[in-house]
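Encoded as structure tokens, the structure appears first; notes follow it.
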Amino acid sequence: MTKAADKIIVALDVPTKTAALELVTQLGDQISFFKIGLQLYTAEGPEIVRAVLATGAKVFLDLKLHDIPNTVARAVESAGNLGVQMLTIHLSGGSEMIRAATAARANNISILGVSVLTSGTEQTLREIGISDKVNDQVLRLARLGVEEEIDGIVASPHEIKVLRAEFGDKIKIVVQGIRPRWAEPGDQKRFMTPRQAAEAGADYLGIGRPITAHPKPREAVAKILEELGK
């Protein structure tokens, strides 16, 4: 794997285990990290995590946990026992929930905090009673997470610089909403190209449909790696 390839996490936003493992097999010599989100996990359950891990790949389990502290803690324990490398929680669950999640870490699992979804806008925040700008809300929740010792933040590319300025290298920044210039933005509102996000300071780039919906996923990965300079 190249240094650029190590930054990429391919989102397995597909409906079945068969489709997911086909992608992992196709891309396994290019990419080592794959994200399993709600669609695939709901369809296939923990077995899909075990199956992807069995190929030698790493797994980012993106379930965005948001529940009472005890339930979140038990879910973190379960994810750690599965052997995943990363797991997401919603920082809007508050300090007690975040603390329960970080206290339950095991087997080197990293807890990543989600602040404002990359599909969200200031209008979205208004609808749920938050009058601040997106960046202000992201920073508020990120500070809460860092105080409770999360390992990283999931953010849109447009928050990378403000998060780096605030926290330096204390946390990893995993960026969703990555769209190469040749790809459609889809429902992402706050996105950047892979190179823009990497240059802004992202540690990991979560990329889904530009790769998974491409007729030739290996070619899509190759183009992204070329853009990143390999």
Q.
So the check is Cβ under 8 Å with 6+ separation or different chains; which pairs have a first residue in the stretch 205-230 that's touching a residue at least 40 places away in the same chain (Cβ under 8 Å) and a second one that's crowded, with 17+ Cβ neighbours inside 10 Å and of a type in the set (S, T, N, Q)?
A. Gly206/Gln176; Arg218/Gln30; Val221/Gln30; Ala222/Gln30; Leu225/Gln30; Glu227/Thr193
Q.
Just to verify a result, which residue in the stretch 21-68, among those that are closer than 22 Å to Ala100 by Cα and touching a Gly at 6+ places or on another chain (Cβ under 7 Å), is surrounded by the most Cβ atoms within 10 Å (Cβ to Cβ)?
A. Asp62
Q: Spot the failing condition for Asp132; the list is (1) at pLDDT below 90; (2) of a type in the set (D, E, K, R); (3) under 17 Å from Lys64 (Cα atoms), and only one is missed.
A: (3)
(Q) Can you confirm whether Glu77 is at pLDDT 95 or above, more than 17 Å from the chain's Cα centre (by Cα) and either within 22 Å of Val59 (Cβ to Cβ) or of a type in the set (Ser, Thr, Tyr) (or both)? (A) yes
Q: Please work out which residue is surrounded by the most Cβ atoms within 10 Å (Cβ to Cβ), limiting yourself to the stretch 110-133 and to residues that are within 23 Å of Glu96 (Cα to Cα) and in contact (Cβ under 8 Å) with a residue 40 or more places away in the chain.
A: Gly113
Q: Pull up the stretch 197-230, narrow it to residues that are of a type in the set (Lys, Arg) and in a helix (DSSP H, G or I), then point me to the one that is nearest to the chain's Cα centre (by Cα).
A: Arg209
Q | Residue that is acidic (Asp, Glu), assigned to a helix (DSSP H, G or I) and buried (at least 21 other Cβ atoms within 10 Å of the Cβ), where the choices are Glu159, Glu77 | A | Glu159
Q.
Against the condition in contact with a helix residue (DSSP H, G or I) (Cβ under 6 Å, 6 or more places away or on another chain), touching a residue at least 12 places away in the same chain (Cβ under 8 Å) and within 21 Å of Gln196 (Cα to Cα), how does Val72 come out, does it pass?
A. no
Q: Name, by its number, the condition in (1) in contact with a helix residue (DSSP H, G or I) (Cβ under 7 Å, 6 or more places away or on another chain); (2) under 17 Å from Leu163 (Cα atoms); (3) assigned to a strand (DSSP E or B); (4) not aromatic (Phe, Trp, Tyr) that does not hold for Val138.
A: (3)
Q: Kindly indicate whether Leu82 is closer than 17 Å to Arg105 by Cβ and surrounded by fewer than 21 Cβ atoms within 10 Å (Cβ to Cβ).
A: yes
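The values are calculated or read from the model by the stated rules, or taken from the named source; none is laboratory data. A quick note: this is a predicted structure, and the numbers were derived from the prediction, not measured. Note that we place each Cβ from the backbone using ideal geometry, even for glycine, and neighbour counts take in every protein chain shown.
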